[in-house]
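Input: a single structure, listed below in structure tokens.
Just so it is clear, none of the values below were taken in a lab; they were calculated from the coordinates. Since this is a predicted model, take the numbers as computed values, not measurements. Cβ atoms come from the backbone with ideal geometry, glycine included; neighbour counts cover every protein chain shown.
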Amino acid sequence: MSSALLFKVGSFATSHIWEPELPPGLTEPYQTTPEEAAQTVKMAAKHFGASVVGTCKLNRNWLFSHRYHNENWKTDAKDLFTKVFGLEKGLLGPVMTPEERKTLQLPHVDDELPQEMNNVVVCGIEMDYEAYRRTLSCVEVAETYRAYSFDKFLIMHLALFINYMGYRAWPFGSYGPGLGIPMAVDAGLGEMGRNGLLINPELGPRLRICGVITDMPMQPDKPIDMGVAKFCETCAICADNCPSESIPKDNNRTAEAVYNTTNYGVKKWPIDASKCKAYWDDHNISACGNCVHYCPYNKPNTAMHRMAAHMAPVLGSALVKMDETLGYSEPKDVASWWAQNPNKFHPRSTRK
């Protein structure tokens, strides 16, 4: 890892704009066409490990009002270390009291992000299909956090790549500065389903979203229409198998902010994320993947299953019944995952 990247990683927890760092011999930003720039950055993203990648113009409606503050991170990290490892002090230095935390002025994203930083490279990281067939297990949770961990490697290297071409970059993952799923929709990576997740044509909901906001001029991709909402109206298997009942079973999509965890403005099935998180806490788990596992779009990336995904809006409930009959929705036992031949097991395999 380069010294430049090591320096930037030091303050990565709060996420911020990375300024350009021109390599020797380059005195101004690399000049190219928006089409070539998009192609180059997409290839870099794939090289660094992205499963899918697209580009879009930044819709500032997707930005959070404020971003996480470093002092908040230190306090949350101390609470986590204390709970998980029993470590009380000496890790991060002094942290705030709850009263001090309430008075903290959080940085305002719209003020920090210049208007000219209006392009986004959106990446999706595939999670292993076989791991997610073991829903609510240690294997599934481990795969979830592997993807979350890997997105840091991907976007930090991609941001530095963009810096070396002479442009600013703001890498983001699940922590902001904005909502990744609507950016992924704008970048043509899929549509949002009943379960509140991005549904990709090849990998279904089995993706973690991350990316980089930049001022590098790039040709944007276009959103796609794969009929996800139409299919989801005939299928509620994710809602039927949501242990916290956070996913609505009816077809009353709305653009209103129904819960404190939903935003207004886009018509969708409202997800009660607070109930979802409360279920995790009450059952002492760090992730639940039922909404990924049970989704009929969650299949191996094969020609047959891509065809089924393409036909899903037409097949509707018949596809749901077929899915259940063929046993795809039946969770597999964890022991069978560990018993696989390591030399023939290829997680997150490429397109077949």
ask   = Where in the stretch 18-53 are there chymotrypsin sites (Phe, Trp or Tyr not before Pro) that are in a DSSP coil and have at most 10 other Cβ atoms within 10 angstrom of their Cβ?
value = none
query = Among 119-129, 337-347, what's the highest-first ranking by average C-beta atoms within 10 angstrom per residue?
reply = 119-129, 337-347
message = Given R₀ = 22 Å, what would the calculated FRET efficiency be for residue 145 paired with residue 343, taking r from the Cβ atoms and rounding to 0.05?
response = 0.30
note = Protection proxy (average C-beta count within 10 Å per residue), highest first, orders 163-170, 303-310, 279-286, 56-63 as 163-170, 56-63, 303-310, 279-286
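In which sequence would 213, 237 go, from the one with the fewest C-beta neighbours within 10 Å to the one with the most?
237, 213
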ask   = Each label point is 7 Å from the Cα along the Cα-to-Cβ direction; what then is the distance between the points at residue 254 and residue 224, in nm?
value = 3.1
request  = Using the Karplus curve 6.51 cos²θ - 1.76 cosθ + 1.60 with θ = phi - 60°, work out ³J(HN,Hα) for each residue of the stretch 162-173 in order, rounded to whole Hz, and write x for Gly and Pro.
outcome  = 5, 4, 5, 8, x, 10, 6, 8, 10, x, 9, x
message = Once R0 is set to 45 Å, what does the formula 1/(1 + (r/R0)^6) return for the Cβ-Cβ distance between residue 31 and residue 64, expressed as a FRET efficiency to the nearest 0.05?
response = 0.85
ask   = Pulled fully out, how much extra length does the chain show between residue 335 and residue 152, if you take 0.36 nm times their separation in residues and subtract their Cα-Cα distance?
value = 62.9 nm
Local electrostatic count, residue 180, Cβ distance below 10 Å [Lys/Arg +1, Asp/Glu -1] = 0
note = Nearest-0.05 FRET efficiency for residue 264 and residue 103 at R0 = 35 Å, using Cβ-Cβ distance, is 0.75
ask   = How far is it, in nm, from the label point at residue 116 to the one at residue 307 when both lie 7 Å from their Cα along the line to the Cβ?
value = 5.1
